[in-house]
Structure formats: C-alpha cells, structure tokens
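Since the structure comes first, as structure tokens, the remarks are kept for the end.
What follows is calculated from the coordinates using simple rules that are stated; it is not laboratory data. Owing to the predicted nature of the structure, the values given are computational and were not obtained by experimental measurement. Positions of Cβ are generated from backbone atoms using ideal geometry, with glycine treated the same way; all protein chains shown enter the neighbour counts.
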Amino acid sequence: MKYRLLSKEQFEALNKEFATFLATQEITKQDWELIKQNESDKVQRQLENFSDLVWEEVLGKTKYLEHYSADSINLFYCQPEQMERIVVRVEKKGVNLLDKEDFNWFIDNSNDKSIQYFKGTKPYTAPRNEEIFKLIEQGAVLADGKLFKAIHQILNSKK
C-alpha cells in the first residue's frame, strides 16, 4: 500500500465511488458480499487499492497546505516540480495562533515586530504526492491558498 487505508467514515462517504471501483474490477454486489464472507485478504487488497486510488486523486489536485501550532503557521504551495513554503512565527507572549481571537490579532497586526516571516522553495526529493501525503500525516490540512497568497503579498511588499 502506497498511502494509508481510508477511514470507515471516508469509505462510507465514498460508497458510490467504491461500488464503481468494484464494477471496474468486474466484481458485482453479490460477488462482493461473498468475497467479504470468505476472502478477507482479497477484501483488504481491494480496500487498499481503492484507498491508494483516492489518495492519488486528492494529492494530485492539492495545491495548498497549512499547518498550525501555537506559535507558528507553515504554509505550503505545492507546485508540480517544487514546494514553496512560508513560515510565520509569532514571538509575542500570550498569543496562541490556535485560538481564533489570537489568530485574528495576527491577521490585524501582520507587521508587528513580534512576527517573523521565512520563505523558501525546494524541489521534491521524493515523488510529489508522497511528500504532500507525509505533510498531511504530520498534521497539515488542505487549504484554498488565500492565506498563503495574502502573506506572500505582504512579504513582496516589504522588499
């Protein structure tokens, strides 16, 4: 297995897609019921293959990721050949970026002296989707890119 098994909730949400996947394997609903009863290894293989297929599709479409901690935000722009990263570190006592009010303070005070910005780009050292998946497994979440673009603009205006 290349990635990880989808959760029970994810499988339930993708029930129709999984049925279509089984159909492409020429497995009917009746066949699937028999396989589930008698061939647990084949069930596991099908679940793994479907999970990898879903992950490949999701990761292939992923452009932006965000990872938050109490004192920093890591923003990633996942381009085809390289990843651009912006790190925002807040060194002001009592500010917790995981708290909505404190996060809003950061947005309203992005030029405060207690906020540091770091920016870098690196080519992928492993296949793109695998690197993105690793970041997700470490707590990054898919994002729309609005925060990345806004902070990127702030950094460009400071030049």
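Within the range 91-103, being within 23 Å of the chain's Cα centre (by Cα) and closer than 13 Å to Ile73 by Cα holds for Asn96, Leu97, Leu98, Asp99, Phe103. Evaluated against (1) farther than 30 Å from Lys93 by Cβ; (2) surrounded by fewer than 18 Cβ atoms within 10 Å (Cβ to Cβ); (3) over 19 Å from the mean Cα position of the chain (by Cα), Gln46 falls short on exactly one condition, (2).
In summary, Gln116 fulfils each of the numbered conditions (1) surrounded by 13 or more Cβ atoms within 10 Å (Cβ to Cβ); (2) polar (S, T, N, Q); (3) touching a strand residue (DSSP E or B) at 6+ places or on another chain (Cβ under 6 Å) with the single exception of condition (1).
Select from the range 109-159 the residues that are polar (S, T, N, Q) and closer than 17 Å to Leu75 by Cβ and list them in ascending order. Residues satisfying the conditions are Ser110, Gln116, Thr121, Gln138, Gln153, Asn156, Ser157.
Within the range 11-35, being in contact (Cβ under 8 Å) with a residue 24 or more places away in the chain and either surrounded by fewer than 13 Cβ atoms within 10 Å (Cβ to Cβ) or acidic (Asp, Glu) (or both) holds for one residue alone: Glu17. Here the range 119-159 is the region considered, the condition is being more than 20 Å from Leu97 (Cα to Cα) and touching a helix residue (DSSP H, G or I) at 6+ places or on another chain (Cβ under 7 Å), and the residue that is surrounded by the most Cβ atoms within 10 Å (Cβ to Cβ) is Ile132.
Here's the yes/no breakdown for (1) of a type in the set (D, E, K, R); (2) touching an Asp or Glu at 6+ places or on another chain (Cβ under 9 Å):
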{"residue": "Ile107", "(1), (2)": "no, no"}
{"residue": "Asn111", "(1), (2)": "no, no"}
{"residue": "Tyr117", "(1), (2)": "no, no"}
{"residue": "Lys122", "(1), (2)": "yes, yes"}
{"residue": "Thr125", "(1), (2)": "no, yes"}
{"residue": "Phe133", "(1), (2)": "no, no"}
{"residue": "Gly139", "(1), (2)": "no, no"}
{"residue": "Ile154", "(1), (2)": "no, no"}
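Okay, residues lined up against (1) within 20 Å of Tyr3 (Cβ to Cβ); (2) surrounded by 12 or more Cβ atoms within 10 Å (Cβ to Cβ):
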site: Gln37; (1), (2): no, no
site: Asp41; (1), (2): yes, no
site: Tyr68; (1), (2): no, yes
site: Ser72; (1), (2): no, yes
site: Cys78; (1), (2): yes, yes
site: Val87; (1), (2): no, yes
site: Lys93; (1), (2): no, no
site: Trp105; (1), (2): no, yes
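Out of the residues in the range 122-142 that are among the aliphatic types (A, V, I, L, M) and in contact with a Ser or Thr (Cβ under 9 Å, 6 or more places away or on another chain), state the one that is nearest to Glu84 (Cα to Cα). Once the filter is applied, the top-ranked residue is Ile132.
Restricting to the range 65-84, name every residue that is over 13 Å from Glu131 (Cα atoms) and in contact with a strand residue (DSSP E or B) (Cβ under 7 Å, 6 or more places away or on another chain). If the condition is that a residue be over 13 Å from Glu131 (Cα atoms) and in contact with a strand residue (DSSP E or B) (Cβ under 7 Å, 6 or more places away or on another chain), then Glu66, His67, Asp71, Ser72, Ile73, Asn74, Leu75 are the ones that fit.
Checked against (1) farther than 26 Å from Ser51 by Cα; (2) assigned to a strand (DSSP E or B), Leu142 passes all but condition (1).
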